[in-house]
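One structure is given here, and the rest of the page talks about it.
Coordinate-derived values only; no laboratory data. Remember, predicted model here, so these are calculated numbers, not experimental data. Ideal geometry is used to build each Cβ from the backbone, glycine not excepted, and the neighbour counts take in all protein chains shown.
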Amino acid sequence: MNELEKKLAELNKRYGADLGDRVEALEDFLSEYLSSGSKIALEKLYKGAHALAGSARTFGFSDVSVVAKELELSARESDDAKKLLARLSELKKLISS
C-alpha cells in the first residue's frame, strides 16, 4: 500500500467513525422539528441528510448514502413524522452494524 492509499484508508476510517455523530445531529434536528414544528429544523434535517448522502457515497458507504438520500427526499417533500422517523431509524441501524 503506497502513501496515498494509506492516507485515503485513514480518512475513510475516520469518516466511518464519525458517522454516529452525523446521524446524531440529524436525530437532533428531527427531534426539534417534532417537538416544535419548526420549519427551520426540518430544513436543517434536509440539508444534513443531503450532505450525508453525498459524503457517504464519496467514502464508499453506499448503503448509508441511499438511506440518507431517502431521508433527504422525505424531509424535502413531506413533513410526515412516521416517514422521517423510519428513515432515521434505518440510518441508525446501518451505522450500528
Count the net charge of all other residues whose Cβ sits under 14 Å from the Cβ of Ser65, scoring Lys and Arg as +1 and Asp and Glu as -1.
0
Peptides 65-75, 1-11, 34-44: what's the order by average Cβ count within 10 Å, highest mean first?
65-75, 34-44, 1-11
Please enumerate, by chain and number, the lysines with C-alpha under 21 Å from the C-alpha of Lys82, excluding those fewer than 8 residues away in the same chain.
Lys39, Lys44, Lys47, Lys69, Lys92, Lys93
So between Ser96 and Ser31, what do we pick up on full extension, going 0.36 nm a residue minus the alpha carbon distance?
21.4 nm
Quick check on the chain: what are the equivalent-ellipsoid semi-axes from the Cα gyration tensor, as sqrt(5λ), descending, whole Å?
28, 11, 11
